[in-house]
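J.: What follows is a structure written as structure tokens; I'll ask about it next.
The values are calculated or read from the model by the stated rules, or taken from the named source; none is laboratory data. Note that this is a predicted model, so its numbers are computed, not measured. Here Cβ is always computed from backbone atoms with ideal geometry, including for glycine, and neighbour counts include all displayed protein chains.
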Amino acid sequence: MPDPDNPPARPSTIAAAFGVAEDAAYGAVAPPLYLSSTYEFAGYDQARRYDYGRAGNPTRDQLADALAQLEGGAGAVITSSGMAALDLLVSRLNAGDLILAPHDCYGGTMRLLKARADRGHCAVRFVDQSDEGAVAEGLLASPALVLIETPSNPLMRVNDIAALARKAKAAGAAVAVDNTFLSPAVQRPIALGADYVVHSTTKYLNGHSDVIGGAIIAASAAEAEDLRQWASIVGSTGAPFDAWLTLRGLRTLFARMQVQQSNAMAIAAFLDRHPAVSKVHYPGLPGHAGHAVASRQQNGFGAMLSFELAGGVDAVRSFIANVRFFTLAESLGGVESLVAHPATMTHADMGAEARAIAGISDSLLRLSVGLEAEQDLIAGLQRGLAAV
């Protein structure tokens with residue numbers, strides 16, 4: 001029974017205070033960093049909780065525990081990258097097991113799934129998960145795993161996690177959701193029926209563009225333990241210092257997301273009115289196809305958006321050469337604002353045909369909105385748009 005005199009901490013408090021003032025040795029307020037690769041046994045055949053760094057590390061486990069609590073999961077594994085987190089899940093499948101994945105998923109995800117399938121490690125089918133008929137047909141093939149990415153990268157399409165999870169589980173499939181674009185500050189997929197949540201902690205969880213890392217959170221304690229064991233077997237666990245930095249970044253997650261989402265909403269409204277822009281992809285706009293679902297399953301609309309320029313590739317080149325306050329770079333989720341051209345950057349490996357099927361045009365630009373002043377960001381975009 002819940003203790004009314006000691007209610008559970010709210011997610012923003014967990015993010016800000018997890019591990020604070022818990023150092024039993026010296027009373028350090030900030031959690032200590034454990035870099036040791038190996039640990040002393042208490043005696044003959046007497047292993048302590050930690051024995052070797054690949055299998056377990058106090059700092060890495062502290063981040064894992066924080067993320068599990070934030071996502072409402074039973075346990076988590078910290079990996080060396082977001083792709084390592086996804087591959088940790090995928091690599092446990094058997095030959096012939098089918099993955100049902102979104103047709104417009106992140107280019108790196110598509111590359112990984114195709115590479116695994118080409119080597120016979122699993123099978124993969126890419127479907128438009130907003131198309132109920134396509135999903136129903138895919139589920140008839142009895143997939144082992146349904147992978148959901150919402151909002152999608154880079155077109156910000158929104159899928160109904162709860163509805164897809166119900167259908168997937170009725171077909172006997174497990175459900176994994178990539179929550180990188182929103183973080184648990186905005187969306188909690190396990191509460192909506194997901195079995196796993198995958199993150200590139202490089203992005204919003206760390207938030208400072210100085211760490212590469214990943215995480216996978218499991219709803220089941222047994223699955224979390226199995227993932228931990230598999231991570232030790234294949235050696236995909238993350239480094240302690242990276243985990244320490246990510247935990248430090250996590251402290252400001254909720255505050256960062258609040259400002260970044262506010263900036264993104266203002267920018268989306270500005271772009272939506274601009275004559276040089278033919279289309280804006282942002283779920284916060286009432287005209288976005290996923291606005292109603294996003295309003296229901298998210299606590300806000302995130303700080304990622306994309307838009308298409310009416311002038312095509314020439315306009316893209318001119319915009320990139322003249323925009324201010326948005327750095328041309330891959331990645332996302334940091335305190336600084338970035339602009340990316342998916343067709344030549346994040347999704348180049350997909351190939352032109354796959355990009356066309358997914359709806360990723362050469363005139364599409366993706367923005368990761370940071371913490372700069374809203375007025376400066378809009379002025380910087382205005383400068384870029386005036387040149388197209």
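Here's the yes/no breakdown for (1) under 22 Å from residue 228 (Cα atoms); (2) among the hydrophobic types (A, V, I, L, M, F, W, C); (3) at pLDDT below 95; (4) in contact with a Pro (Cβ under 7 Å, 6 or more places away or on another chain):
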site	(1), (2), (3), (4)
12	no, no, no, no
35	yes, yes, no, yes
66	yes, yes, no, no
74	yes, yes, no, no
79	yes, no, no, no
82	yes, no, no, no
91	yes, no, no, no
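J.: Further question: So how many residues does region 274-294 have that are without any contact (Cβ under 8 Å) to a residue 40 or more places away in the chain, closer than 16 Å to residue 156 by Cα and surrounded by fewer than 16 Cβ atoms within 10 Å (Cβ to Cβ)?
T.: Looking only at that region, the number is 4.
J.: Please verify whether residue 333 is in contact with a helix residue (DSSP H, G or I) (Cβ under 9 Å, 6 or more places away or on another chain) and either more than 21 Å from residue 107 (Cβ to Cβ) or of a type in the set (Lys, Arg) (or both), treating the condition exactly as stated.
T.: Working: in contact with a helix residue (DSSP H, G or I) (Cβ under 9 Å, 6 or more places away or on another chain): yes; either more than 21 Å from residue 107 (Cβ to Cβ) or of a type in the set (Lys, Arg) (or both): no.
Taking the combined requirement at face value, the residue does not satisfy it.
J.: Would it be correct to say that residue 20 is assigned by TED's automatic domain parsing to the domain that holds residue 245, part of a strand (DSSP E or B) and under 25 Å from residue 228 (Cβ atoms)? Break it down stepwise before answering.
T.: Values: assigned by TED's automatic domain parsing to the domain that holds residue 245: yes; part of a strand (DSSP E or B): no; under 25 Å from residue 228 (Cβ atoms): yes.
No: the conditions fail for residue 20.
J.: Has region 4-13 got at least one residue that is in contact (Cβ under 8 Å) with a residue 12 or more places away in the chain and outside any loop (DSSP other than H, G, I, E, B)? Walk me through how you get there before you give the answer.
T.: Quick first cut of region 4-13, residues in contact (Cβ under 8 Å) with a residue 12 or more places away in the chain only: 11-12.
Still in the running and outside any loop (DSSP other than H, G, I, E, B): 11-12.
Scanning region 4-13 turns up at least one residue that is in contact (Cβ under 8 Å) with a residue 12 or more places away in the chain and outside any loop (DSSP other than H, G, I, E, B).
J.: Does region 94-115 hold any residues that are in contact with a strand residue (DSSP E or B) (Cβ under 9 Å, 6 or more places away or on another chain) and among the hydrophobic types (A, V, I, L, M, F, W, C), and which are they?
T.: 95, 98, 99, 100, 101, 105, 110, 113, listed by residue number.
J.: Quick check: is even one residue across region 213-233 under 18 Å from the mean Cα position of the chain (by Cα), buried (at least 20 other Cβ atoms within 10 Å of the Cβ), at pLDDT 95 or above and not hydrophobic (A, V, I, L, M, F, W, C)?
T.: Within region 213-233, one or more residues are under 18 Å from the mean Cα position of the chain (by Cα), buried (at least 20 other Cβ atoms within 10 Å of the Cβ), at pLDDT 95 or above and not hydrophobic (A, V, I, L, M, F, W, C).
J.: Just to be sure, is residue 271 over 17 Å from the mean Cα position of the chain (by Cα), buried (at least 23 other Cβ atoms within 10 Å of the Cβ) and at pLDDT 95 or above? First the steps, then the outcome.
T.: On the way: over 17 Å from the mean Cα position of the chain (by Cα): yes; buried (at least 23 other Cβ atoms within 10 Å of the Cβ): yes; at pLDDT 95 or above: yes.
Yes, satisfied.
J.: Let me confirm something: among 307, 325, 301, 319, which residue is on the phi > 0 side of the Ramachandran plot and not assigned by TED's automatic domain parsing to the domain that holds residue 157? Full working, then the answer.
T.: On the way: 307 fails: on the phi > 0 side of the Ramachandran plot; 301 fails: on the phi > 0 side of the Ramachandran plot; 319 fails: on the phi > 0 side of the Ramachandran plot.
Going through 307, 325, 301, 319 in turn, the sole match is 325.
J.: Please give the number of the condition residue 156 fails out of (1) free of Cβ contacts under 8 Å to residues at least 24 places away in the same chain; (2) on the phi > 0 side of the Ramachandran plot.
T.: The number of the failed condition is (1).
J.: Next question, about the same structure. Working carefully through the options 145, 182, find the one that is among the hydrophobic types (A, V, I, L, M, F, W, C) and either crowded, with 23+ Cβ neighbours inside 10 Å or without any contact (Cβ under 8 Å) to a residue 12 or more places away in the chain (or both). Can you show your working first?
T.: Details: 145 fails: either crowded, with 23+ Cβ neighbours inside 10 Å or without any contact (Cβ under 8 Å) to a residue 12 or more places away in the chain (or both).
That would be 182, the only listed residue that is among the hydrophobic types (A, V, I, L, M, F, W, C) and either crowded, with 23+ Cβ neighbours inside 10 Å or without any contact (Cβ under 8 Å) to a residue 12 or more places away in the chain (or both).
J.: Shifting gears a bit: If a residue counts only when it is within 30 Å of residue 115 (Cα to Cα), which strands (runs of 3 or more DSSP E) contained entirely in region 263-351 have at least 3 such residues?
T.: Working: elements: 277-281, 304-309, 338-340.
The qualifying strands (runs of 3 or more DSSP E) are 304-309, 338-340.
J.: Which residue is farthest from residue 151 (Cα to Cα), if the candidates are limited to region 86-117 and must be crowded, with 20+ Cβ neighbours inside 10 Å and charged (D, E, K, R)?
T.: Checking each candidate, the answer is 87.
Yes/no matrix, rows are residues, columns are (1) surrounded by 18 or more Cβ atoms within 10 Å (Cβ to Cβ); (2) touching a residue at least 60 places away in the same chain (Cβ under 8 Å); (3) in the same structural domain as residue 338 (by TED's automatic domain parsing); (4) over 15 Å from the mean Cα position of the chain (by Cα):
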position: 187; (1), (2), (3), (4): yes, yes, no, no
position: 192; (1), (2), (3), (4): yes, yes, no, yes
position: 195; (1), (2), (3), (4): yes, no, no, yes
position: 207; (1), (2), (3), (4): yes, yes, no, no
position: 210; (1), (2), (3), (4): no, no, no, yes
position: 235; (1), (2), (3), (4): no, yes, no, yes
position: 243; (1), (2), (3), (4): yes, yes, no, yes
position: 260; (1), (2), (3), (4): yes, yes, yes, yes
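Listed here are the residues, each with its yes/no results for (1) among the polar types (S, T, N, Q); (2) surrounded by fewer than 20 Cβ atoms within 10 Å (Cβ to Cβ).
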site: 333; (1), (2): no, no
site: 357; (1), (2): no, yes
site: 361; (1), (2): yes, yes
site: 365; (1), (2): no, no
site: 371; (1), (2): no, yes
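J.: May I pose another question? Of the numbered conditions (1) touching a residue at least 24 places away in the same chain (Cβ under 8 Å); (2) not in a helix (DSSP H, G or I), residue 378 satisfies every one except a single condition; which is it?
T.: Only one criterion in (1) touching a residue at least 24 places away in the same chain (Cβ under 8 Å); (2) not in a helix (DSSP H, G or I) is unmet by residue 378, namely (2).
J.: Let me ask something else about it. Within region 358-374, can one find any residue that is out of contact with any Cys (no Cβ under 8 Å at 6 or more places or on another chain), among the small types (Gly, Ala, Ser) and part of a helix (DSSP H, G or I)?
T.: Step one: list which residues in region 358-374 are out of contact with any Cys (no Cβ under 8 Å at 6 or more places or on another chain), which gives 358-374.
Subsequent filtering for residues that are among the small types (Gly, Ala, Ser) retains 358-359, 361, 363, 368, 370, 373.
With the extra rule that they be part of a helix (DSSP H, G or I), the set shrinks to 358.
Checking region 358-374: at least one residue is out of contact with any Cys (no Cβ under 8 Å at 6 or more places or on another chain), among the small types (Gly, Ala, Ser) and part of a helix (DSSP H, G or I).
J.: Checking the conditions here, which among 95, 66, 101, 76 is assigned to a helix (DSSP H, G or I) and touching a residue at least 24 places away in the same chain (Cβ under 8 Å)? Walk me through how you get there before you give the answer.
T.: On the way: 95 fails: assigned to a helix (DSSP H, G or I); 101 fails: assigned to a helix (DSSP H, G or I); 76 fails: assigned to a helix (DSSP H, G or I).
Among 95, 66, 101, 76, only 66 is assigned to a helix (DSSP H, G or I) and touching a residue at least 24 places away in the same chain (Cβ under 8 Å).
J.: Among the residues of region 229-261, write down those that are within 23 Å of residue 86 (Cβ to Cβ) and not hydrophobic (A, V, I, L, M, F, W, C).
T.: Scanning region 229-261 gives 229, 232, 235, 236, 237, 238, 240, 242, 246, 249.
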